[in-house]
Amino acid sequence: MATFTFELVSPERVLFSGAVDAVVLPATEGDMTILAGHAPTMTALKTGFLVITSNPGNGRRILVRGGFADVNQNGLTVLAERALPAEELTQDILDREILQAEMAYDATNEPAAKHAAESAVAQLREAKAALNF
């Protein structure tokens, strides 16, 4: 399988930089799988798991909370607002993330912001269930 260059950056650190076979993005329009040779595109990300595949049958999951993905001729770059590798997630961390999203929901009356916060709460609860916490 052909590989391409992928870089995942959060405000705190570079979480991944290297060659990959595929990356599944939690795009706002729906999950997207990026493979080598993908058409150039830019998309916003929602809260969810980004999955990096660098070896067939081997996927690394990273929980992202918002950001942007840019696919171009050089590869894929993701600038995440927040990103936490699945192996670093704990029940306490997820509970704090859920609380922050709930507080964002309560703090606004703007319909679009309320919907985004409500979606983030639901997706974080799904992530918590998927990790069996």
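The values are calculated or read from the model by the stated rules, or taken from the named source; none is laboratory data. Small disclaimer: the values here were computed from a predicted structure and weren't measured. When we count neighbours, we look across all protein chains shown, and the Cβ atoms used for this are built from the backbone with ideal geometry, even at glycine.
Which one of these is more than 22 Å from PHE6 (Cβ to Cβ) and of a type outside the set (Gly, Ala, Ser): ASP31, ASP95, ASP21?
Within the list ASP31, ASP95, ASP21, the selection yields ASP95.
Confirm whether ASP106 is outside the structural domain of VAL24 (by TED's automatic domain parsing) and at pLDDT 90 or above.
Yes, satisfied.
Please work out which one of (1) farther than 14 Å from GLN123 by Cβ; (2) acidic (Asp, Glu); (3) surrounded by fewer than 15 Cβ atoms within 10 Å (Cβ to Cβ) is the condition GLU7 fails and give its number.
It is condition (3) that GLU7 fails.
Out of ALA120, ALA129, which single residue is of a type in the set (Gly, Ala, Ser) and surrounded by fewer than 16 Cβ atoms within 10 Å (Cβ to Cβ)?
ALA129
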